[in-house]
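The values are calculated or read from the model by the stated rules, or taken from the named source; none is laboratory data. Note that the structure is predicted; figures quoted are calculated from it, not measured. Cβ coordinates were reconstructed from backbone atoms using ideal geometry, including for glycine residues, and neighbour counts include every protein chain displayed. Heavy atoms of the whole protein, side chains included, go into the accessibility calculation; ligands, DNA and RNA do not. Shrake-Rupley method; radii C 1.70, N 1.55, O 1.52, S 1.80 Å.
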Amino acid sequence: MAQILRRSQKALDGSRQKTKFYHWDDTEWIFEESRTSDKLKFNNNRAIATGDYDNDGVDELLLKNRNTGKRQISKFYEWSGTNWVWEATSESDGFIIKENFRIAMGDYDGDDVDELVVKVIDNDKSKFYSWSMTENKWVLEHIYYNDGKEINGNHTIAMGDYDGDGVDELLVKNKTVGSRQISKFYEWSGTKWVWEATSTSDGYKILEEDEIAMGKF
């Protein structure tokens, strides 16, 4: 079963480098632990996703820069048990993500390879990329229009097998909306995202400066 991790952009000022871990318990996210010196610097110009991008049997954390001119940067880290350890960097990774993009990583199509999922705010379109070890970059696999789930600027996404059923689901989570703590889960049908479940009291809030990802650590 995948865990969810939460990282705060605001908390990454050098003195506070924090990762929080949660697991799903039928109806809500249950807090597991917090690591306050995780050795990974982060700011609001970066996005994260988690998955086994290189098919080595270990889920890595992808740290991707947004809007860096012509530079297309991906950095990969593994979890040591106490902190993130750098594994690899590509400075020409195949595409740039913009401020209105959201990313996640998981095996959306059941081929035992984790792909990178890119969703655009206010658009029902999904792009799927796989990692090329020989080219050291993300290679576009498919683009699907009318994909069944439009996200907005108050949403963040993650992907993983949150419920232990052997299928990676897409999590769409609302950032702070009053006192509401909302998680919605979707499965890929082959052409679109199909709603599976909703929790309107999912155990914790995420703030505007937070990013989430799902994986096994």
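Points worth noting:
- With the charge dipole of the chain set up from +1 on Lys and Arg Cβ and -1 on Asp and Glu Cβ about the Cα centre, the Cα lying farthest toward the positive end among the listed residues Trp195, Asn55, Leu171 is that of Leu171.
- Remark: accessible surface ordering of Met105, Met133 (largest first) is Met133, Met105, probe radius 1.4 Å.
- Convex hull of Cα atoms in the stretch 125-217, direction-averaged projection (nm²): 7.5 nm²
- Of all the options Arg35, Arg46, Arg102, the one that moves most in a Gaussian network model of the chain with Cα springs shorter than 10 angstrom is Arg35.
- For the chain, carbon and sulfur atoms together expose 44% of the accessible surface, with a 1.4 angstrom probe and every protein chain in place.
- For the chain, fraction of C-alpha pairs farther apart than 27 Å, in %: 24 percent
- Listed pairs Lys137/Lys192; Lys39/Lys127; Lys127/Lys173; Lys20/Lys98; Lys18/Lys192; Lys125/Lys184 exceeding 29 Å between Cα atoms: Lys39/Lys127; Lys18/Lys192
- Rounded to the nearest whole Hz, the Karplus-based 3J(HN,Hα) values (6.51 cos²θ - 1.76 cosθ + 1.60, θ = phi - 60°) of the stretch 158-169 follow the sequence 8, 9, x, 8, 5, 10, x, 8, x, 10, 7, 10, with x at glycine and proline.
- Surface calculation, 1.4 Å probe, protein heavy atoms: Asp107 sits at approximately 30 Å² accessible.
- Between Lys137 and Ser132, the built amide H atoms are under 5 Å apart, and every one of these is 5 or more places off in sequence or on another chain.
- Extension gain from Tyr144 to Thr82, taking 0.36 nm per residue of separation minus the Cα-Cα distance: 18.5 nm
- Applying 1/(1 + (r/R0)^6) with r as the Cβ-Cβ distance of Glu99 and Asp56 and R0 = 35 angstrom yields a FRET efficiency of 0.65.
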